[in-house]
Protein chains: 2
Amino acid sequence: MSLITPRTPPGTMELLPRHQVAFQRLLDTIRRGYERFGFLPVETPVFETVETLLTKSGGETEKQVYFVQSTGAIQQGNKPEMALRFDLTVPLARYVAEHERDLAFPFRRYQIQRVYRGERAQRGRFREFYQCDIDVIGKDSLSPQYDAEIPAVIHHVFTELNFGGFTINVNNRKVLLGLLDGLGVSEADARVLVLREIDKLDKIGRDKVRDSLIGLGMADTAADTILSLIDAKGSNADTLAALNALGIDNDTFRQGVAELTTVIDGLRAFQVPDDAVRINLAIARGLDYYTGTVYETFLNDHPGIGSVCSGGRYDNLASHYTKSKLPGVGISIGATRLFYQLMEAGLIKDGAPTAQVLVTQMDPSLSADYFRIASDLRAAGINTEIQLDGGKLAKQMKYADRTGIPVAVLMGSDEKARGTATLKHLIRGEQIEVPLEELATRAKALLEG
Amino acid sequence: MSLITPRTPPGTMELLPRHQVAFQRLLDTIRRGYERFGFLPVETPVFETVETLLTKSGGETEKQVYFVQSTGAIQQGNKPEMALRFDLTVPLARYVAEHERDLAFPFRRYQIQRVYRGERAQRGRFREFYQCDIDVIGKDSLSPQYDAEIPAVIHHVFTELNFGGFTINVNNRKVLLGLLDGLGVSEADARVLVLREIDKLDKIGRDKVRDSLIGLGMADTAADTILSLIDAKGSNADTLAALNALGIDNDTFRQGVAELTTVIDGLRAFQVPDDAVRINLAIARGLDYYTGTVYETFLNDHPGIGSVCSGGRYDNLASHYTKSKLPGVGISIGATRLFYQLMEAGLIKDGAPTAQVLVTQMDPSLSADYFRIASDLRAAGINTEIQLDGGKLAKQMKYADRTGIPVAVLMGSDEKARGTATLKHLIRGEQIEVPLEELATRAKALLEG
């Protein structure tokens, strides 16, 4: 029989077990953080009906969709009825609209699942990746104070993740739009062009952006005003003061500044340190979707990774599926990409193996004793593996070394006669002989020591 | 704009949040149990290349596969290159063959992921469902003692799941084949026919099976011998004694009985109660795949659900992908079906909401205080939600009631002046006013009380 070369499908992240442990810990930390804020879990099917998924009129999204068809459907030449979700937002909208009467609002849900995009395969680009989302969905209305709670969640989760310093960038789309309006750029298309130029600030620098803005017909003073605001290095209070001092008084601007103030004030009450959050008028992400507050989060020591947690406020979640008005605010952590980038940067260590203790088999005639020891350790809450294949002890120890299991139990006929066993810490080299009835307690102490 | 009716794709299990909490607890319990025995996590992509997935020559499997294609591939009329996994065994085989050099053997892996089958949609049949698998894979060989450890895992997990009594049925395919050989049925096709009849014992009864066996050309005495063994109600020791007393001495039979004895003896040493495990010579599942020990597990009070955890021993995991011989033993819990059936039987209660405490907003002017209280409770490890929309207190309490959050914090200007807040247990009706600095401690006590 000819062999098939085993290969992981391109564009996916498949991990060796110890890395999987580390990744699982990442997901668990995020989940625990989301639950700490009272978000409720939701899981949706990996596929949605094509009708549900592709409500938006064509464009980039549709090109990246993976369609799903059974053998029968392909044979009959049918059009695909299902497609893999490309984000968790469309499934959330469908879920909330479908189960609206069974949910209590504001509905706080978290969802940690994989999504699929038909990206061109290249290093660091994934066709399958985890998103870890939270959203708070209101019915008819949702207080802007929720916009202040979201960065408190980000702060909690990234503190727990312990990947070093991070900065949560906050902006409000209404501030930008109101500002442009106040500076004489009130036509929608012109705004989009201006915002696109502003987005380039970090890449091409202030002078070039200024030239572009003036090229788009903006007055010199207007361009300077907006660039000074965006480039400001002062505190959040300074930025808010500068905004208030502009004397712009259109409704959009005033509402935006008020919301931004609510977020900054709220975060202080939520005990989030001032320097963890920065008003950044340059971030203007997802302008077709977000309508108020927007968030982007950067790791201070790894700006190249880009935003590791983004999101914002939207006016209406599920207008394609229900007449109810469902405003919301949410964020997403792209866990696969984050993990991959941190692994590339050498910041991810192998996770500890699941087994804490390995019961070795020195003497096959004592196997029932080894079984009993393993069973006792497990009953005491210690994750325990038992070597059942036996063979030379050196080989068994090599296995323990390779898998990283920190503690081994050894018992030969001498120990058996004395009613003892030997505990060996394989990393620290410590070794103690202990009475069998104390084995679990002493193993725990050794693991913690 | 015309609305699209939001609907969950047919054949999938989508849960409301509180049920999702209960389901998540089920998966967590299984995972914790698997880790207790030192199994390492693995996740594989949801799709595999068609070449990897469809190595077996056609048949039922291929008909049930879901193919995956990007928009571009469909437009170009290409044949699908990817398909959704239909179990976790094929991905495991591919994984072990691909990463063989990076794994330590025996390789103990668990995998808890969804699989996909193009079933005809009908109640209780799922196109997408979780499998929770463990396997121990040896290189070249794997001690039959691992066959004894697997039911110890099943026993641990189902005890922790707490769904009532259960029985792990154990058989060994070699015993059956050796027995048939000893009774004169040695031709492979005839064996398959006989085993198929034996499998019907529970459904059609002993007399009808006897008639069928004789109709297949088996001698009356042979039919009676096999039926007596299979129908035996004695202890496992009785069954082993009866097998040994048959005087059959072909290699297959003797090896099978020895392995079965190893399993039963081992389980005793693993401290699994005798009555949790039953040798059942009638179970003959997956005859094309398993080669030795097989397992099926039934809930004593819900036999109609069928086996909730099945598996067995196989000779060679990955012969399609590698020349290495990789014998293994494993089991699978079909978590989606199990949960669904228990829910239908009324045995699944809603899970507790993730939030333990709801901080209400009695007086909007105190919102910064509420933020600080929520933040303090969270820092103390209490999952806390805060009502930010405000509104009438009755409405906020109704929300707490609907979501099932057990404890509410209330603070008006009087309490604020006294430096206190009121903790109210919404289920027990208890209410206490406590100093703010004791709030977290007292809330914990109230939650535990």
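The values are calculated or read from the model by the stated rules, or taken from the named source; none is laboratory data. Because the structure is a prediction, the values reported are computed rather than measured. Using ideal geometry, Cβ is built from the backbone for each residue, glycine included, and neighbour counts are taken over all protein chains shown.
Answer yes if at least one residue in region B:203-226 is modelled with pLDDT of 85 or more and within 25 Å of B:Ala276 (Cβ to Cβ), and no otherwise. No, that holds for no residue.
Of all the residues in region A:215-245, those that are surrounded by fewer than 12 Cβ atoms within 10 Å (Cβ to Cβ), closer than 22 Å to A:Ile264 by Cβ and of a type in the set (D, E, K, R) number 1. Taken over region B:68-91, the residue count meeting the criterion of being closer than 18 Å to A:Glu128 by Cβ and crowded, with 20+ Cβ neighbours inside 10 Å is 12.
When region A:227-254 is limited to residues that are outside any helix (DSSP H, G or I) and farther than 13 Å from A:Asp181 by Cβ, the one that is modelled with the highest pLDDT turns out to be A:Ser235. B:Leu177 meets the stated requirement of being of a type in the set (A, V, I, L, M), touching a helix residue (DSSP H, G or I) at 6+ places or on another chain (Cβ under 7 Å), more than 30 Å from B:Phe23 (Cα to Cα) and surrounded by fewer than 24 Cβ atoms within 10 Å (Cβ to Cβ). Taking the conditions (1) away from chain A (no Cβ under 14 Å); (2) of a type in the set (A, V, I, L, M, F, W, C); (3) in contact with a His (Cβ under 7 Å, 6 or more places away or on another chain) in turn, B:Ala394 satisfies each one other than (3).
For region A:437-445, the count of residues that are within 23 Å of B:Lys139 (Cβ to Cβ), under 35 Å from the mean Cα position of the chain (by Cα) and outside the structural domain of A:Leu16 (by TED's automatic domain parsing) is zero.
Each row is one residue, and each column tells you yes or no for (1) in a helix (DSSP H, G or I); (2) surrounded by 13 or more Cβ atoms within 10 Å (Cβ to Cβ).
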site	(1), (2)
B:Ile168	no, yes
B:Lys203	yes, no
B:Arg210	yes, yes
B:Leu213	yes, yes
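Against the condition within 21 Å of A:Gln361 (Cβ to Cβ), free of Cβ contacts under 8 Å to residues at least 40 places away in the same chain and either within 8 Å of chain A (Cβ to nearest Cβ) or among the acidic types (Asp, Glu) (or both), how does B:Ala152 come out, does it pass? Considered against the rule, which asks whether it is within 21 Å of A:Gln361 (Cβ to Cβ), free of Cβ contacts under 8 Å to residues at least 40 places away in the same chain and either within 8 Å of chain A (Cβ to nearest Cβ) or among the acidic types (Asp, Glu) (or both), B:Ala152 comes out as no. For region A:122-138, name all the residues that are among the small types (Gly, Ala, Ser) and within 11 Å of another protein chain (Cβ to nearest Cβ). Result: A:Gly138, single match. Looking across A:Ser413, A:Ser375, A:Ser367, one residue alone is in contact with a Phe, Trp or Tyr (Cβ under 7 Å, 6 or more places away or on another chain), free of Cβ contacts under 8 Å to residues at least 60 places away in the same chain and of a type in the set (Ser, Thr, Tyr). It is A:Ser375. Listed here are the strands (runs of 3 or more DSSP E) enclosed by region A:325-414 that have at least 2 residues being not hydrophobic (A, V, I, L, M, F, W, C): A:328-333, A:384-386.
Applying the criterion of being assigned to a helix (DSSP H, G or I) and at pLDDT below 95 to the residues of region A:268-296, the residue that is surrounded by the fewest Cβ atoms within 10 Å (Cβ to Cβ) is A:Asp275. For region B:1-22, a residue qualifies if it is in a helix (DSSP H, G or I), under 16 Å from the mean Cα position of the chain (by Cα) and more than 8 Å from every other protein chain (Cβ to nearest Cβ), and exactly one does: B:Ala22. Residues that are of a type outside the set (S, T, N, Q), in contact (Cβ under 8 Å) with a residue 12 or more places away in the chain and on the phi > 0 side of the Ramachandran plot occur at least once in region A:211-220. Selection of region A:23-49 for residues being in a helix (DSSP H, G or I), at the interface with chain B (Cβ under 7 Å from one of its Cβ atoms) and surrounded by fewer than 21 Cβ atoms within 10 Å (Cβ to Cβ) yields A:Gln24, A:Glu35.
Restricting B:Val136, B:Val157 to those that are within 26 Å of B:Gln20 (Cα to Cα) and crowded, with 19+ Cβ neighbours inside 10 Å reduces the list to B:Val157. Note on region B:286-306: among residues that are within 21 Å of B:Ser228 (Cα to Cα) and in contact with a Gly (Cβ under 7 Å, 6 or more places away or on another chain), the one that is nearest to the other protein chains (Cβ to nearest Cβ) is B:Thr293. Where the second residue is among the hydroxyl-bearing types (Ser, Thr, Tyr) and surrounded by 15 or more Cβ atoms within 10 Å (Cβ to Cβ) and the first is in contact (Cβ under 8 Å) with a residue 12 or more places away in the chain and lies in region B:431-447, which pairs have Cβ atoms under 6 Å and are six or more apart or on separate chains? Matching pairs, first to second residue: B:Glu433/B:Thr420; B:Glu433/B:Thr422; B:Pro435/B:Thr420.
Among the residues here, A:Arg418 qualifies as surrounded by fewer than 20 Cβ atoms within 10 Å (Cβ to Cβ), away from chain B (no Cβ under 14 Å), basic (Lys, Arg) and over 31 Å from the mean Cα position of the chain (by Cα).
To keep it simple, each residue is scored yes or no on (1) over 28 Å from A:Arg117 (Cα atoms); (2) surrounded by fewer than 21 Cβ atoms within 10 Å (Cβ to Cβ).
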residue	(1), (2)
A:His320	no, yes
A:Gly328	no, no
A:Gln356	yes, no
A:Ala379	yes, yes
A:Thr384	yes, no
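Just one of the listed residues (A:Ile226, A:Ile264) is of a type in the set (Val, Ile, Thr), more than 14 Å from chain B (Cβ to nearest Cβ) and touching a residue at least 24 places away in the same chain (Cβ under 8 Å), namely A:Ile226. Return a yes/no flag: does region B:249-260 have any residue that is within 14 Å of another protein chain (Cβ to nearest Cβ) and either in contact (Cβ under 8 Å) with a residue 40 or more places away in the chain or among the charged types (D, E, K, R) (or both). Taking every residue of region B:249-260 in turn, at least one turns out to be within 14 Å of another protein chain (Cβ to nearest Cβ) and either in contact (Cβ under 8 Å) with a residue 40 or more places away in the chain or among the charged types (D, E, K, R) (or both).
Residue by residue, here is whether (1) more than 30 Å from B:Leu142 (Cα to Cα); (2) aromatic (Phe, Trp, Tyr); (3) within 11 Å of chain A (Cβ to nearest Cβ); (4) in contact (Cβ under 8 Å) with a residue 24 or more places away in the chain holds:
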position	(1), (2), (3), (4)
B:Gly312	no, no, no, yes
B:Leu317	no, no, no, yes
B:Ile333	no, no, no, yes
B:Leu338	yes, no, no, yes
B:Gln341	yes, no, no, yes
B:Glu344	yes, no, no, yes
B:Ala352	yes, no, yes, yes
B:Gln356	yes, no, yes, yes
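Exactly one residue out of B:Ala104, B:Ala73, B:Ala97 is over 17 Å from the mean Cα position of the chain (by Cα), assigned to a helix (DSSP H, G or I), facing chain A (nearest Cβ under 9 Å) and within 30 Å of A:Gln396 (Cβ to Cβ): that is B:Ala97.
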